[in-house]
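The values are calculated or read from the model by the stated rules, or taken from the named source; none is laboratory data. It should be emphasised that the depicted structure is a prediction, and the values quoted were computed from it without experimental measurement. Virtual Cβ from ideal backbone geometry, glycine too; neighbours counted across all protein chains shown.
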Amino acid sequence: MKPDRTPVKAAFSHVWSALIFVSFTASILLLPVFLAASGACTPKRIYTGVSAEGGDYHYLYKEIFENKADIDLLFLGGCQMWCGGIQVAKFQEALSKRLGRPANVVALVHPWRGVDSDHALLKDVLEQRKVNFVVVQDPPMDKYWPSWPEKYSEFWFSLQDWKIAEGLSAARKVSLYAEAVLGAPRQLLSIVRPNKIGTIKNDLAKHCGTIILNRGWNDGPFIPTEIKCPSLSTDSLFYSTNTGGFSVKDKPLPDYQMHFLRRNIDLLKARGIPFVFLHFPELAEPPGRQVPLRMNWGKVFGLEIDTIGVPSPTFFQGMTEKQSKELFYDDYHLNANGGSYFTRMILPGVLRAYEKSTQSP
């Protein structure tokens, strides 16, 4: 077999073609720098350019930048909260009765997994509104935590906010810059005109920022079910008063996620805002009589931090496997049945944590 001696054509027919290509590539790679220097890509502007695929930023925009009333109770987290794992409107109703006035309860949540997205939402809302108490989603025990930026971080990240990368490794900084490159054309367009794509077709305002997901196990038919909550004391919901009901596994999050979790805690600490972690039940969790926690967050951050959760034997008390699955749509996420059930179980604990932390000294 004779070797192919066909000459390889030059990538560019003329030096000017090469210069044009290099200039175009450089302009794309440097577009985030130009946008940051212009000062035009503010968070308020960026939110108008996020499509519904990245979360309902139309609702988030209204809650962060348009509504000015103090937030009594803020829920912050990812997909386990967003999909209706808790029914926030029920917390609003209960807290309103306790306060003797309409309570302002809001969920700033997103449909993906990434503490960096939590940080963006928390940072932006604290710059605009006063928040009295925060319920933070406890990072689940499963392994699906990326060591890089969240799937849609290109939608909300810009170099104007580069300071959030301080303390990250060089590799993760490069990852964030790459997200800025991907998002820059959309952000440039948002300067020219607001987003016209629309929002998720769900009444998030009615549910205070979450959806109510009427979805059956593994996309099967959804069967509405109202399960009576087992009898349990409010003290048993808290790690601080029921350490025997919780098991700390000492499994840190990836460094990238821990960086942003630490920034969230620092933000809350600097503003003197009390908070509590909330652990969500999962079918995928190993069976046991204790709530599995990644870490003792109080020791990690050197603060008094409590966690609310329900041990599996209590949560699934008296249920068959089939009945258990009627509360979930997959191994990790509660559906409307499970969200209602879980909400009724933990509501007394959240109200106690709120009252204890916000009462005058």
Any idea which of 173, 143 is surrounded by fewer than 18 Cβ atoms within 10 Å (Cβ to Cβ) and either among the aromatic types (Phe, Trp, Tyr) or touching a helix residue (DSSP H, G or I) at 6+ places or on another chain (Cβ under 9 Å) (or both)?
173
When the stretch 328-342 is examined, which residues are found to be over 18 Å from the mean Cα position of the chain (by Cα) and outside any loop (DSSP other than H, G, I, E, B)?
328, 336, 337, 338, 340, 341, 342
Leading residue by the ranking (surrounded by the most Cβ atoms within 10 Å (Cβ to Cβ)) among those in the stretch 227-244 that are closer than 23 Å to residue 319 by Cβ and hydrophobic (A, V, I, L, M, F, W, C)
237
Do you know which of the residues in the stretch 274-318 that are part of a loop (DSSP other than H, G, I, E, B), at pLDDT 90 or above and of a type in the set (A, V, I, L, M, F, W, C) is surrounded by the fewest Cβ atoms within 10 Å (Cβ to Cβ)?
303
So which of 172, 186, 98 ends up being in contact with a Leu (Cβ under 7 Å, 6 or more places away or on another chain), over 21 Å from residue 63 (Cα atoms) and among the charged types (D, E, K, R)?
98
Assess whether residue 260 counts as being touching a His at 6+ places or on another chain (Cβ under 6 Å), surrounded by 12 or more Cβ atoms within 10 Å (Cβ to Cβ) and either without any contact (Cβ under 8 Å) to a residue 40 or more places away in the chain or outside any loop (DSSP other than H, G, I, E, B) (or both).
yes
Scanning the stretch 4-35 for residues that are within 19 Å of residue 189 (Cα to Cα) and hydroxyl-bearing (Ser, Thr, Tyr) gives 25, 27
Residue 230 vs. criteria more than 30 Å from residue 173 (Cα to Cα) and touching a residue at least 12 places away in the same chain (Cβ under 8 Å):
yes
Looking for something surrounded by fewer than 19 Cβ atoms within 10 Å (Cβ to Cβ), closer than 27 Å to residue 192 by Cα and among the basic types (Lys, Arg) - is there at least one such residue anywhere in the stretch 101-122?
no
Do any helices (runs of 4 or more DSSP H) lying entirely in the stretch 1-80 carry at least 1 residues that are surrounded by fewer than 13 Cβ atoms within 10 Å (Cβ to Cβ), among the hydroxyl-bearing types (Ser, Thr, Tyr) and out of contact with any Leu (no Cβ under 9 Å at 6 or more places or on another chain), and which ones are they?
15-38
